[in-house]
Amino acid sequence: MMIASLPKIIAKPLTRISPSRFLSLKNCPLRELLTANGKRDPLLPGSPSAKIGTLIHNLIEDTSKGFIRNEEEMLEKWEMKISEIEHTMRKSSLENRFIPLRIHAHNYDVKKESCFALIRNLIGFKQYSGKALGLTKSEVWVESPDKQVGGFIDLVRQSSSGIHIVDFKSGTVFDEQWGIVKLEYVLQLRMYAALYYKKFKVWPARASVIGLDCYEKDVDFIPDECILLIEQAISLLRDINEKLLLGQNQALANPTPNSCRYCGFRPACDKYWETKSEHPLWPIDVRGFISEIKPSNNGKLTLKIRDMDSFFTIRGLDNTIDDIPKIGAKFSIYNLGRDTVPGCFYATNYTVGYGHN
Ligand code: SF4
């Protein structure tokens, strides 16, 4: 388990909203402010699978731009990008434990093969549709006139029925629970349609998303509603930046199990700690004062933490006693597993601890 002192995290105003981040921004503005500024590394390890997702999106983008034209270039790029990602991870005490990615990323081989299938399709489509004729453009930048909402459309096709905008996804496009296209993708496509109109003065005739399984699904849109989304995004941006300037950072935090589970800034988020409960949907994190540190027979440590009237036991820490802050120190520990006995937890490969000064 990595243990560190909790740093101070400062959020900075946003200059622009990307359609791809609009729903996340609505769900928890603070998380997006901390993530989008990108200056500050998260305080918890990211999932190795998410890294593969980003890699896949990069490869699709490279194919759209014409940097990947055949099988050989595709295989070469995959290996090159994997080794670049692992090189960066090696320098991170939070993430070096997840190397090699082919072992730690869930369904690595399946995702790789699906990515290759999609790229082969894309290469075939580009050859067929004749990029030389100017019928397909990739990575088309669109933005609102005030530049407050903007982003790249993955692919813009010109067909006899009009403009067709396409967005590629590195996973499935469907919401598992409802079996329909994920809301974030629907909103994203509708915003792109409006931004395309604002930039080129013509509405796309069609908008679709293509998932890693090569399945293409159309997203319907009504122009007035798309314009409204852009106006909502601009007003959201203004509202968030005003709150930030007034120093109301915690008013921008909106803790929910779904948002917080994937947030790497939980250690620095007071509102998260005020809101979270022991309900199984919330992340399994514990905070309090160290009351006991005990070596176990298996060579690992067991830690006892007290928080007001609650007592927690965490077993399986592969640290030395010197790593752990002293008895009485405030300490928080993240990404635990839950034992069957109430109040008892165990360390996982994702567990990280922070001492609070
Ligand atoms: S921990 Fe939750 S509430 Fe806090 S910034 Fe992250 S997602 Fe938002």
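The values are calculated or read from the model by the stated rules, or taken from the named source; none is laboratory data. Please read these numbers as outputs of a predicted model, since none were measured by experiment. FYI the Cβ positions are ideal-geometry reconstructions off the backbone, even for glycines, and counts take in every protein chain you see.
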If the requirement is being touching a strand residue (DSSP E or B) at 6+ places or on another chain (Cβ under 9 Å) and not in a helix (DSSP H, G or I), which of these qualifies: Asp146, Asp154?
Asp154
Could you please tell me which pairs satisfy a Cβ distance under 7 Å, a separation of 6+ or placement on different chains, a first residue in segment 262-282 that is of a type in the set (Val, Ile, Thr), and a second residue that is within 8 Å of the ligand (Cβ to nearest atom) and part of a loop (DSSP other than H, G, I, E, B)?
Thr275/Pro255
Just checking, how many residues over segment 1-45 are among the aliphatic types (A, V, I, L, M), surrounded by fewer than 20 Cβ atoms within 10 Å (Cβ to Cβ) and touching an Asp or Glu at 6+ places or on another chain (Cβ under 7 Å)?
2
What is the one condition in (1) in contact with a Pro (Cβ under 7 Å, 6 or more places away or on another chain); (2) outside any loop (DSSP other than H, G, I, E, B) that Ile230 does not satisfy?
(1)
Those residues of segment 240-282 which are within 16 Å of the chain's Cα centre (by Cα), among the charged types (D, E, K, R) and either more than 8 Å from the ligand (Cβ to nearest atom) or not in a helix (DSSP H, G or I) (or both), in sequence order
Arg261
Strands (runs of 3 or more DSSP E) wholly inside segment 297-351 containing at least 2 residues that are without any contact (Cβ under 8 Å) to a residue 24 or more places away in the chain and either of a type in the set (Val, Ile, Thr) or at negative phi (or both):
301-307
Over segment 38-62, the set of residues more than 12 Å from the chain's Cα centre (by Cα) and within 13 Å of the ligand (Cβ to nearest atom) is Arg40, Leu43, Leu44
Filter segment 283-296 down to the residues that are away from the ligand (no atom under 16 Å from the Cβ) and assigned to a loop (DSSP other than H, G, I, E, B) and list them by number.
Ser296
Go through segment 226-246 and give me each residue that's under 20 Å from Ile9 (Cβ atoms) and surrounded by 15 or more Cβ atoms within 10 Å (Cβ to Cβ).
Ile240, Asn241, Lys243, Leu244
Would a scan of segment 301-312 turn up a residue that is within 14 Å of the ligand (Cβ to nearest atom), among the charged types (D, E, K, R) and crowded, with 17+ Cβ neighbours inside 10 Å?
no
Residues in segment 81-93: is at least one exposed (fewer than 14 other Cβ atoms within 10 Å of the Cβ), at pLDDT 90 or above, of a type in the set (Ser, Thr, Tyr) and closer than 30 Å to Arg16 by Cα?
yes
With in contact (Cβ under 8 Å) with a residue 24 or more places away in the chain and within 14 Å of the ligand (Cβ to nearest atom) as the only criterion, which of Ile82, Ile9 stands out?
Ile9
Within segment 167-182, does at least one residue satisfy the condition of being modelled with pLDDT under 90, assigned to a loop (DSSP other than H, G, I, E, B), more than 22 Å from Leu14 (Cα to Cα) and more than 27 Å from the chain's Cα centre (by Cα)?
no
Can you tell me how many residues within segment 33-50 are at pLDDT 90 or above and part of a helix (DSSP H, G or I)?
3
